[in-house]
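J.: Would you mind keeping the following structure in view while I ask a few things?
The values are calculated or read from the model by the stated rules, or taken from the named source; none is laboratory data. For clarity, every value in this text was computed on a predicted model and none was experimentally measured. With ideal geometry, Cβ positions are generated from the backbone for all residues, glycine too; neighbour counts draw on all protein chains shown. Ligands, DNA and RNA are excluded from the accessible area calculation, which covers all protein heavy atoms including side chains. Shrake-Rupley method; radii C 1.70, N 1.55, O 1.52, S 1.80 Å.
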Amino acid sequence: MTSSKVFVPTSHPRYFSLMIREKLVKGFRNGLVAPEGLIAHGRGESFDYLLGERTTKPALKSIEAASALFLLADFPVLSVNGNTAALSAKEICELNYALEKSFTEVNLFYLTERREELIANELKKYGLKKILGVGAKRFTEIPELESNRRKVDPEGIFIADLVFVPLEDGDRTIALKRMGKKVITVDLNPLSRTSITADVSIVDNVVRVVPELIKHIEHLKKNSTKKELQEIVGCYDNKKSLQEGLDIMRSSKVLTATESE
Ligand code: PTJ
């Protein structure tokens, strides 16, 4: 496939968004991202545009609640798909280290063994040695789920008490909840079934969320008791946070040509 070189000046008002797009395209060319992943990214971009391509106050609240939930979990697992690997492989590995007792598992909707292997190799580049869900190991199935995402590692998602599922499709979140697990998601779409079903839904771009999660986790690890973590989780209202995210999108204003893109 021929690849065109893009030049985007750093002064471009949407420079960061265009750079994220380039990362995704590079991930697609390297075989990490499914073709459908490009379409999913486009959907995310449009919500991000309405959010103003920034981490909003409700998203920060969700990040705090997610961090507390992570620290309360006994066996958290980070589920990684093609888009997340292309955009945030390094940061996912750093999150894994920050959590200390978590594992990272590859889990694909558009499953191919080749992509699974490429994603695992991408994660290994950043020092992760044990990656779950790859090859013959991925043989247990999530009950009542028909998509490829049902195939999970018996030592990972299957027995986890908390699963982090960024950029996910709705069915699996529902199935994971039915299995009694806590679910944290990152989804720019506050109306998605995943967002509505998860315990904590962070309406923000995964690229901005994971570094912020690491910061919050490090802070809470040093400064909070278990009771305080439980209070943060107890006070959090996911539906309210989703509504606030949606309200921010709906209140975006038409700007003049020089103010907008
Ligand atoms: O790599 P695979 O085979 O597992 O496939 C991954 C995709 C993302 C293609 C697959 O999970 C899929 O089709 O997902 P959906 O159902 O399109 O849902 C993805 C959700 O993520 C949508 O609600 C998008 O708005 C949202 N989204 C897209 N890009 C981002 C995002 N949310 C946060 N950050 C993003 N960068």
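J.: Quick one: ranking ASP204, ASP247, ASP74 by accessible area, 1.4 Å probe, largest first, what do you get?
T.: Solvent-accessible surface, decreasing: ASP74, ASP247, ASP204.
J.: Give the span of the chain's Cα atoms along each principal axis, as three whole-Å numbers ordered largest to smallest.
T.: 52, 48, 35 Å, listed from the longest principal axis down.
J.: Going by a ≥ b ≥ c, the root eigenvalues of the Cα gyration tensor, does segment 50-105 fall in the rounded group (a/c under 1.5), the prolate group (a/b larger than b/c) or the oblate group?
T.: Oblate, since a/c reaches 1.5 and b/c is not below a/b.
J.: Expressed as a whole percentage, what fraction of the accessible surface of segment 1-140 belongs to carbon and sulfur atoms when a 1.4 Å probe is rolled over the protein heavy atoms?
T.: Using a 1.4 Å probe with all protein chains present, segment 1-140 comes out at 58 percent carbon and sulfur.
J.: Could you tell me the relative contact order of the chain? Use alpha-carbon pairs under 8 Å, at least six residues apart, and round to a whole percent.
T.: 23 percent
J.: Follow-up. Could you work out the pair-distance distribution P(r) of segment 190-261 from its alpha-carbon pairs, with 10 angstrom bin width and percents rounded to whole numbers?
T.: Going out from 0 Å in 10 Å bins, segment 190-261 shows 16, 34, 33, 13, 4, 0 percent.
J.: Return an integer: the convex hull volume of the alpha-carbon atoms of segment 74-172, in Å³ per residue.
T.: Spelled out: Cα convex hull of segment 74-172, divided by residues, is 88 Å³.
J.: Using a 1.4 angstrom probe on the protein heavy atoms only, line up HIS219, HIS41 by accessible area, largest first.
T.: Descending order: HIS219, HIS41.
J.: Put SER88, SER147 in order of accessible area, largest first, 1.4 Å probe: what do you get?
T.: Listed by decreasing accessible area, they come as SER147, SER88.
J.: Per 10 Å bin, what is the whole-percent P(r) computed from every C-alpha pair distance within segment 126-261?
T.: 10, 31, 34, 17, 6, 1
J.: Let me ask another. Evaluate the distance, in nm, between pseudo-label points positioned 7 Å from the Cα of ARG250 and of SER147 along their respective Cα→Cβ axes.
T.: If labels sit at ARG250 and SER147, their model points lie 2.7 nm apart.
J.: Right, something else. Can you run the Rg to Rh ratio on segment 18-120? Use alpha carbon positions and the Kirkwood inverse-distance Rh.
T.: Across segment 18-120, the Cα-based Rg/Rh ratio is 0.99.
J.: Sticking with this structure for a sec: Is segment 181-223 best put as rounded, prolate or oblate by its Cα gyration tensor, with a ≥ b ≥ c the root eigenvalues, rounded for a/c under 1.5, and otherwise prolate when a/b is larger than b/c, oblate when not?
T.: It comes out oblate by the Cα gyration axes.
J.: Now a separate question. To check my understanding: the extent here is largest minus smallest coordinate of the Cα atoms along each principal axis. What are those three numbers for segment 1-77, in Å, largest first?
T.: For segment 1-77, the Cα spread along each principal axis is 48, 30, 20 Å.
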